[in-house]
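Q: One structure is given below, represented as C-alpha cells, and several questions about it will come after.
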Amino acid sequence: MDRGAESEREGEGSGSPSSVEVHRLEFGVDWPPWHAAAFLVEADEPLLVDAGVPGATGDEELRDGLAAHDRTPEEVAHVLLTHPHSDHIGQVPTLREAGAAVHTARMTRERLSRDPEDLAAGVRETGEGAGLPPEELDEHVERALSSLERNRRLMPPDEIDHAFTYGESFEAGGLTFEPVHTPGHQEGHACFELALPEGTALFSGDVLVEPFRSAALNVGLDRGAYDAIDDFYAAYDRLDAREADWVYPGHGHPFTVYRKVLANSREALDDLLADVRGAVADVGPASPLDVTRARVDRLDHPAPLLDTLGALGTLDRLGDVTFEWDGGVRRYRTI
Ligand SMILES: [Zn+2]
C-alpha cells in the first residue's frame, strides 16, 4: 500500500504440501495489486478459505475458479473467513445458498452485530478528536454505516454456523485448523494454521502479504482507533512465535519465505511510526488530520488517517509524542 516490499518468491511452484491440494482462486479488485485471493482446499470435504468479491462478477469468478478444479459451489462444504472485508466475504451468500457452513471469529460476529447508532457515535467522537471538519465527519459516519450494512447483508450474524474462539482449534472437512488472532488490519482478523504431516500451512488473509503492508484499518474510525498499530505488532509477535512452510495470503502470491515477509511487515510498521513522528515534528502541535496531510498527498480513502491514528497511539505510549485537547481536537507534538 504505502510501501513496496521485496517480491522475491523463493521456492514458489515447488513449495506446496503433498498431503493436501491447495488451489488459489483469483478475484478482480479496483486497487493494487488488482486482485484478492481465496483458496480451495481439497480436504475430505472441499473447503474454501475466504470468499472473494461480491456481485455478479465475483459470482462468475467463483464458479470459473472452482470449475478450473472440477468443483462447483454446491461441493464446497465449508468456508473459513479471515476477516469481514468485502473482498474476502463477497460470495458468502452464494456459498451459503449452495450449502456451505460458514466459520468466522466470534469477535467478527460481535462486530457485525454492532448497534449502528453506537457506531455512528463512535465515529463522530473519534473523527472530531482527529480534527475532521463537520462535512467530512458526516461522510465518514455514512461510510462506516454503509459498510456495516453491506457486511451484514453479505454475512448476517445469525447465519454464521460456527463462530470460533481464539485459542481453540476446530475441525472442518476432516482437517484441523488453529485460528490465530492477528488484529491490526481488522480487529477480529484470523490467520488459519493447518498442521500437515510434512509441514505447516498458514492462510494469512491480509496480515501477511508480500507486495505491501495492509493498512491499519482495525476498528475503522471508531473508539479504539489509536490501538491499531499496537494490535498489529501484537499480531506479528504471535506469528513470530510460530513457523510456516507455506503461506497463502489474501493478496499477492503464495510464498515460503515466512520469516522474511514477517520481518518486512514489521519493518513497514517501524517505518510508519518514523514517518508519523517526523510529520508531528514538522507540523506539530497539529491535529491527526493535519499530521496525515503532512505525510500523504491524497486523502480520498480513510486508510492514511487510520494509519496515523494507530501510529500516534503507539508513539504516545512509547513517550515519543503527546497531545493536548484544543476545542475538542487532539493537538500532537513531539516530546
Ligand atoms: Zn482486508
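Q: Using the Cα centre of the chain as origin and beta-carbon charges of +1 (Lys, Arg) and -1 (Asp, Glu), tell me which of Leu208, Ala100, Ser19 is placed farthest towards the positive end of the dipole.
A: Leu208
Q: Moving to a separate point now. Treating the angle as unsigned and between 0 and 90°, give the value, to the nearest 10°, between the Cα long axis of helix 258-283 and the longest Cα principal axis of the chain.
A: Helix 258-283 sits roughly 20 degrees off the main axis of the chain.
Q: Pick out which of Glu171, Glu193, Glu136 has the largest mean-square fluctuation in a Gaussian network model of the chain, springs linking Cα atoms closer than 10 Å.
A: It is Glu171.
Q: While we're looking at this one, here's another question. Which value, in debye to the nearest 20, describes the size of the charge dipole of region 168-288 about its Cα centre when Lys and Arg Cβ atoms bear +1, Asp and Glu Cβ atoms bear -1, and nothing else is charged? Could the numbers behind the result be given before it?
A: Details: 8 positive and 21 negative charges, 44 e Å.
It works out to roughly 220 debye.
Q: Looking only at Thr57, Thr182, Thr314, which one moves most when the chain is put into a Gaussian network model with springs between Cα atoms under 10 Å?
A: Highest fluctuation among the options: Thr57.
Q: Need the C-alpha centroid separation for region 103-177 versus region 221-293, integer Å.
A: Distance between centres, Cα-based: 21 Å.
Q: Between Trp31 and Glu110, how high is the FRET efficiency from 1/(1 + (r/R0)^6) when r is the Cβ-Cβ distance and R₀ = 22 Å? Nearest 0.05. If you can, show how the numbers build up before the last one.
A: Details: r = 28 Å, r/R0 = 1.26.
That gives a FRET efficiency of 0.20.
Q: Compute the long axis of helix 55-67 from its Cα atoms, compare it with the longest principal axis of the Cα atoms of the chain, and write down the angle in degrees, 0 to 90, nearest 10.
A: Roughly 40 degrees between the two axes.
Q: Follow-up question, since we're still on this one. Working out 0.36 nm times the residue gap between Glu168 and Lys260, then minus their Cα-Cα distance, what length gain in nm do you get to one decimal?
A: 30.4 nm
Q: Kindly work out what percent of the DSSP beta bridges joining two residues of region 22-281 are antiparallel, to the nearest 5.
A: Around 65 percent antiparallel, to the nearest 5.
Q: Using the crude model of +1 on Lys and Arg Cβ and -1 on Asp and Glu Cβ, and no other charge, please compute the dipole size for region 22-281 relative to its Cα centre, in debye to 20.
A: The calculated dipole for region 22-281 is roughly 300 debye.
Q: Would you mind ranking His181, His88, His189, His162 by Cβ crowding within 10 Å, fewest neighbours first?
A: Placing the least packed residue first, the sequence is His162, His181, His88, His189.
Q: Round to the nearest 0.05 the FRET efficiency obtained for Ser18 and Asp271 when R0 = 56 Å and r is the Cβ-Cβ distance. List each step's numbers first, then the result.
A: Details: r = 38 Å, r/R0 = 0.68.
Using R0 = 56 Å, I get an efficiency of 0.90.
Q: With the contact rule set at Cα under 8 Å and sequence spacing of 6 or more, what percent relative contact order holds for region 140-253?
A: 25 percent
Q: Sticking with this one: Got a sec? How would Leu48, Leu175 order by Cβ neighbour count within 10 Å, fewest to most?
A: Result, fewest neighbours first: Leu175, Leu48.
Q: Here is a follow-up. Any chance you could tell me what percent of the C-alpha pair distances in the chain go past 31 Å?
A: For the chain, the fraction of Cα-Cα distances above 31 Å is 32 percent.
Q: Continuing with this model, one more query. Can you find, among His185, Leu48, Ala37, the residue sitting farthest towards the positive end of the charge dipole of region 22-281, where Lys and Arg contribute +1 and Asp and Glu -1 at Cβ?
A: The one lying farthest along the dipole's positive direction is His185.
Q: On to the next question. Taking the chain as the reference, fit the longest principal axis to its C-alpha atoms, fit the long axis of helix 228-240 to the helix C-alpha atoms, and give the angle between the two in degrees, 0 to 90, nearest 10.
A: The answer is roughly 40 degrees.
Q: What residue among Ala244, Ala37, Ala274 shows peak mean-square fluctuation when the chain is described by a Gaussian network model with Cα springs under 10 Å?
A: Sorting by GNM fluctuation, first place goes to Ala274.
Q: Still on this model: What order do you get for 140-150, 300-310 when each peptide is scored by the mean count of other beta carbon atoms within 10 Å, highest first? Don't skip to the answer; put the middle values down first.
A: Working: 140-150: 16.1, 300-310: 22.5.
In descending order of packing, they fall as 300-310, 140-150.
Read-outs: derived from the displayed coordinates by stated rules, not from any lab. Note that the coordinates shown come from a computational prediction; the quantities given were computed from them, not determined experimentally. Here Cβ is always computed from backbone atoms with ideal geometry, including for glycine, and neighbour counts include all displayed protein chains.
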